[in-house]
Amino acid sequence: MTAAPFTPPTRFAVPGRIAVSNRTATTWQRAVLTEIRRETPQVSTFRFAVPGWQGHLPGQHLMLRLTAEDGYTAQRHYSLASAPDDSGHIELTLDHVEGGEVSGYLHTVARVGDEVEVRGPNSGFFAWPGDRPALLIGAGSGVVPLMSMLRHQRRLRLATPLRLFVSARTRADLIYAEEYAAETTPVLTREGERRRLAADHLAPCFTDGAPRWEAYVCGSNSFAEHASQLLVGLGQPVDRIRIERFG
Amino acid sequence: MTGHPTRGFVGRPRVHNPGLPPGQYDAGTDWPVLSAEVTPRIAPRDWTLRIDGLVAEERTWTWDDVRALPTSSYEGDIHCVTSWSKFGVRFGGVSLDVFLDAVRPDPAATHVVAYAHTGYSTNLPLADVTGGKAWVAFTYEDEPLPAEHGGPARLLVPHLYFWKSAKWLAGLRLLDHDEPGFWEQNGYHARGNPWEEQRYAGD
């Protein structure tokens, strides 16, 4: 009774490429809000001092928890926007979601000096340590974990190729607009070119001699489906496409 | 696990909901898609389910084989580790007991690893998928399960966090030990019981 090894027809990104610390993931830590920066009319960046933060990899996320006086708690996963650094600070960039219990609090009630709790970082699946060429595609606030990667590349002056495609409705909706350089192609769907991300935007990354990309896609489910299918159509292997979707 | 109060946070008006595990919120009509991989488009005729490992008789079922088996349904709630819960959903499929009865598990088998056609995997104690607690599900609200939610067929283990309910289910292997799957290797809990908030390894 020997089991024939099961071989799935396709394999996707190898799990466990990046070791995750279980200890930091299970401990709630204090995080003190030190700065709020407006990015777009709907989006702000929240900077926190987290004295016990053990560092993270670009692309990882954390769980943020708020607690009411009566003990009621609400918690949500958010991607880290900041590059890993040794300042003891982290940054989150959040959409103001209509009716959002946690994002609504942070956007309308929270002020500098307030304290929340975080645990993490969590999951190494979507992380990019900077070791392989990165093709990054994000829409809306899906650009947040990708910006952590871009900031990481710049901060360490990595020679690893990195290309970023970021989709937004208008220039005013483009998060981190001032930070993009030649590595980034903004795709505006309701201004200028007025079309969604298409194969011809990405095709120059798939010419002969182009890097062997690790692709990271982040955005709404419909955007993630669209972008990942474009990548497959251009020949990107499915086992080198990592997707982070949000509802 | 009680937190430190956050100034000014009152939260949503709350009605005590005994169906909501700790740390979860009601997602209402939303059903977020949280796959980490490219959604595979698997035609039912290309889909198969294999059960092997510590069993008396390894078996592979085709779509038609599975559809000829007696069906049953799950009506209840589902809970995602990212903190949403969804109430009153209805899935139809075949109880995993039907498949396991056919392969006759070895008494030494204690765990299963469920595999997807994409290469995704997740581990479960055998006791969590027997006794009417797990299904191979292929309908949602009486319609074919959409591809983005794991169609044509997914594992359904509704009493555990939903990452255990592997989409695009391809096989189950019975083992005499626990073996971490995809998210479990990425820091998540080996079992994932929402009522005990088993989110991450060490919880």
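Could you work out how far the C-alpha centroid of the range B:145-172 sits from that of the range A:119-191, in angstrom? When both Cα centres are located, 31 Å separates them.
Computed over the Cα atoms of the range A:29-122, the ratio of the radius of gyration to the Kirkwood radius (Rg/Rh) comes to 0.93.
Measuring nothing but alpha carbons in the range A:69-134 and taking Rh as the Kirkwood radius, the Rg to Rh ratio lands at 1.01. Determine the relative contact order of chain A: mean sequence separation of Cα pairs under 8 Å and six or more apart, normalised by residue count, in whole percent. 21 percent. Extents of the protein assembly as shown, taken as max minus min of Cα coordinates on every principal axis and listed largest first, are 62, 61, 37 Å. Here the accessible area is traced with a 1.4 Å probe on the protein chains. For the protein assembly as shown, carbon and sulfur cover 52 percent of it. The convex hull of the Cα atoms of chain B, projected and averaged over all directions, covers 12.3 nm².
Working ranking of peptides A:234-241, A:137-144 by packing, defined as the average number of other Cβ atoms within 10 Å per residue, highest first, is A:137-144, A:234-241. Full extension of the segment from A:GLN54 to A:ARG190, taken as 0.36 nm per residue of separation minus the current Cα-Cα distance, would add 44.9 nm.
Taking every DSSP beta bridge that has both ends in the protein assembly as shown, the antiparallel portion is near 70%. Backbone amide hydrogens, once placed in the peptide plane, bring A:ARG242 within less than 5 Å of A:ALA215, A:TYR216, A:VAL217, excluding anything fewer than 5 places away on its chain.
The mean sequence distance of close C-alpha pairs (under 8 Å, at least 6 residues apart), as a share of the length of chain B, puts its relative contact order at 23 percent. Just the number, please: Stokes-Einstein D of chain A in µm²/s, Kirkwood Rh from C-alpha pairs, 37 °C, 0.692 mPa s. Once the numbers are plugged in, D ends up at 173 µm²/s.
Percent of Cα-Cα pairs per 10 Å bin, from 0 to the last occupied bin, for the range A:185-247, please list those. The percentages, shortest bin first, are 21, 52, 25, 2. How would the range A:134-246 be classified by its alpha-carbon gyration tensor: rounded, prolate or oblate, with rounded meaning a/c under 1.5 and the a/b versus b/c comparison settling the rest? Judged from the Cα gyration tensor, the range A:134-246 comes out rounded (a/c under 1.5).
Using the Cβ-Cβ distance between A:ARG38 and B:ALA43 with R0 set to 41 Å, the FRET efficiency from 1/(1 + (r/R0)^6) comes to roughly 0.25. Phi angles across the range A:199-209 convert, under the Karplus curve 6.51 cos²θ - 1.76 cosθ + 1.60 with θ = phi - 60°, into 3J(HN,Hα) values of 4, 6, 5, 8, 3, x, 7, 10, 7, 4, x Hz, Gly and Pro given as x.
Stretching A:ALA198 away from A:ASP86 to a fully extended chain increases their span by 36.5 nm, per 0.36 nm per residue minus the current alpha-carbon distance. Note on chain B: antiparallel DSSP beta bridges, both residues inside, total approximately 85 percent of the bridges counted. For the range A:107-140, a drop of 20 Å² or more in accessible area on going from the chain alone to the assembled protein chains (1.4 Å probe) is found at A:VAL109, A:ARG111, A:ASP114, A:GLU115, A:GLU117, A:ARG119, A:ASN122, A:SER123, A:PHE125. Accessible area per residue for the protein assembly as shown is 41 Å², calculated with a 1.4 Å probe on protein heavy atoms, without ligands, DNA or RNA. Buried accessible surface for the A/B chain pair comes to about 4700 Å², total over both chains, computed with a 1.4 Å probe.
The values are calculated or read from the model by the stated rules, or taken from the named source; none is laboratory data. Just so you know, these numbers come straight off a predicted model, no measurement behind them. When we count neighbours, we look across all protein chains shown, and the Cβ atoms used for this are built from the backbone with ideal geometry, even at glycine. Remember, those area values only see protein heavy atoms, side chains included, never the ligands or the DNA or RNA. Shrake-Rupley method; radii C 1.70, N 1.55, O 1.52, S 1.80 Å.
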